[in-house]
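See structure below.
The values are calculated or read from the model by the stated rules, or taken from the named source; none is laboratory data. The model shown is predicted, which means the values in this text are computed figures rather than measured ones. Here the Cβ positions follow ideal geometry from the backbone for every residue, glycine too, while neighbour counts run over all protein chains shown.
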Amino acid sequence: MAELGNLYVISAPSGTGKTTLVKSLVETLPDITVSVSHTTRPKRPAEIDGVNYYFVPENKFQEMINHHDFLEYATVFNYHYGTSKRWVEQTLARGIDVILEIEWQGCLQIQKLFPNCISIYILPPSVSDLFQRLTKRNQDNMEVIRQRIADVRETTHHIGEYDYVVVNDDFAAALNDLTVIVQAGRLLQERQIAKHIKLLTQLETAKLDEF
């Protein structure tokens, strides 16, 4: 039976660079993947269904809620986002670490279901930097950008509910911080005991006359 994978929850204000960091992290480390969420948000031009999100209509999303298909779901800027329960549980059971890129509302739900999950909050270096990033990516109009900036005030109030905080000021440094967190999670006591049970049994029962 495979050792269960770790569940990582990563949240950040929109425009912080979370998705790019997570993509690089997954490309750098083995045995780790990102959960693809379902959403009612319209697909952006560069996005691919099934890769960035599963884009579903409102009635389909509600049907999935009724069938208890989601581990968590939340409403962000009038659109719904949800994490597939079956896919996450099956992936963890195969010993693969799973990253959930979700908002703080979803994080609170996941922490109740998976008390041992490891949560990470990514911060921008400044409000002005965040504004520049949101403007430069040319995905939202100015009204939406202002809403996203205002939302930062609400989301950062929940930073104390996360295990780790990473500031994405320098991309390489932030990626290194995330890598260290994941590698440390793989060295947690309970995981190491399960992984090396034969070695520990041998050490605990060793007799001097055997040498």
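For residues in the range 157-211 being surrounded by 12 or more Cβ atoms within 10 Å (Cβ to Cβ) and β-branched (Val, Ile, Thr), which is nearest to residue 25 (Cα to Cα)? Result: 179.
Is it the case, given these coordinates, that residue 108 is hydrophobic (A, V, I, L, M, F, W, C), surrounded by 15 or more Cβ atoms within 10 Å (Cβ to Cβ) and touching a Ser or Thr at 6+ places or on another chain (Cβ under 6 Å)? Taking the combined requirement at face value, the residue does not satisfy it. Here residue 100 fulfils each of the conditions (1) of a type outside the set (Gly, Ala, Ser); (2) under 24 Å from residue 133 (Cα atoms); (3) free of Cβ contacts under 8 Å to residues at least 24 places away in the same chain apart from (3). One residue stands out among those in the range 78-105 that are of a type in the set (Phe, Trp, Tyr) and under 16 Å from residue 52 (Cβ atoms): the one that is surrounded by the fewest Cβ atoms within 10 Å (Cβ to Cβ), which is 79.
Every residue, every condition in (1) assigned to a loop (DSSP other than H, G, I, E, B); (2) over 16 Å from residue 12 (Cα atoms), yes or no:
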residue	(1), (2)
139	yes, yes
144	no, yes
152	no, no
158	no, no
165	no, no
173	no, yes
182	no, yes
193	no, yes
209	no, yes
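When restricted to residues that are within 9 Å of residue 9 (Cα to Cα) and among the acidic types (Asp, Glu), the range 86-102 contains 1. Inside the range 12-22, can you point out the residues that are surrounded by fewer than 19 Cβ atoms within 10 Å (Cβ to Cβ) and closer than 23 Å to residue 70 by Cα? The one that is surrounded by fewer than 19 Cβ atoms within 10 Å (Cβ to Cβ) and closer than 23 Å to residue 70 by Cα: 19.
Every residue, every condition in (1) touching an Asp or Glu at 6+ places or on another chain (Cβ under 9 Å); (2) at pLDDT below 95; (3) more than 30 Å from residue 132 (Cβ to Cβ); (4) aromatic (Phe, Trp, Tyr), yes or no:
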{"position": "6", "(1), (2), (3), (4)": "yes, no, yes, no"}
{"position": "24", "(1), (2), (3), (4)": "no, no, no, no"}
{"position": "45", "(1), (2), (3), (4)": "no, yes, no, no"}
{"position": "51", "(1), (2), (3), (4)": "no, yes, no, no"}
{"position": "59", "(1), (2), (3), (4)": "no, no, yes, no"}
{"position": "69", "(1), (2), (3), (4)": "yes, no, yes, no"}
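In the range 118-131, what residues are surrounded by 13 or more Cβ atoms within 10 Å (Cβ to Cβ), in a helix (DSSP H, G or I) and either among the β-branched types (Val, Ile, Thr) or modelled with pLDDT of 85 or more (or both)? Outline the logic, then answer.
Taking the range 118-131 and keeping what is surrounded by 13 or more Cβ atoms within 10 Å (Cβ to Cβ), we get 118-125, 129-131.
Restricting the remaining residues to those that are in a helix (DSSP H, G or I) gives 129-131.
Hit for the range 118-131 is 129, nothing else.
On the basis of being surrounded by 14 or more Cβ atoms within 10 Å (Cβ to Cβ) and more than 24 Å from residue 35 (Cβ to Cβ), does residue 145 make the cut? Judged against the criteria, residue 145 is a match. For the range 107-141, the tally of residues that are without any contact (Cβ under 8 Å) to a residue 40 or more places away in the chain and in contact with a Leu (Cβ under 9 Å, 6 or more places away or on another chain) stands at 2.
Go through the residues of the range 4-22 one by one and say whether even a single one is farther than 27 Å from residue 167 by Cα, touching a residue at least 60 places away in the same chain (Cβ under 8 Å) and not basic (Lys, Arg). Steps first, please.
From the range 4-22, those farther than 27 Å from residue 167 by Cα are 4; that's our starting set.
Adding the requirement that they be touching a residue at least 60 places away in the same chain (Cβ under 8 Å) leaves 4.
Next cut, not basic (Lys, Arg) only: 4.
Yes: the range 4-22 contains one or more residues that are farther than 27 Å from residue 167 by Cα, touching a residue at least 60 places away in the same chain (Cβ under 8 Å) and not basic (Lys, Arg).
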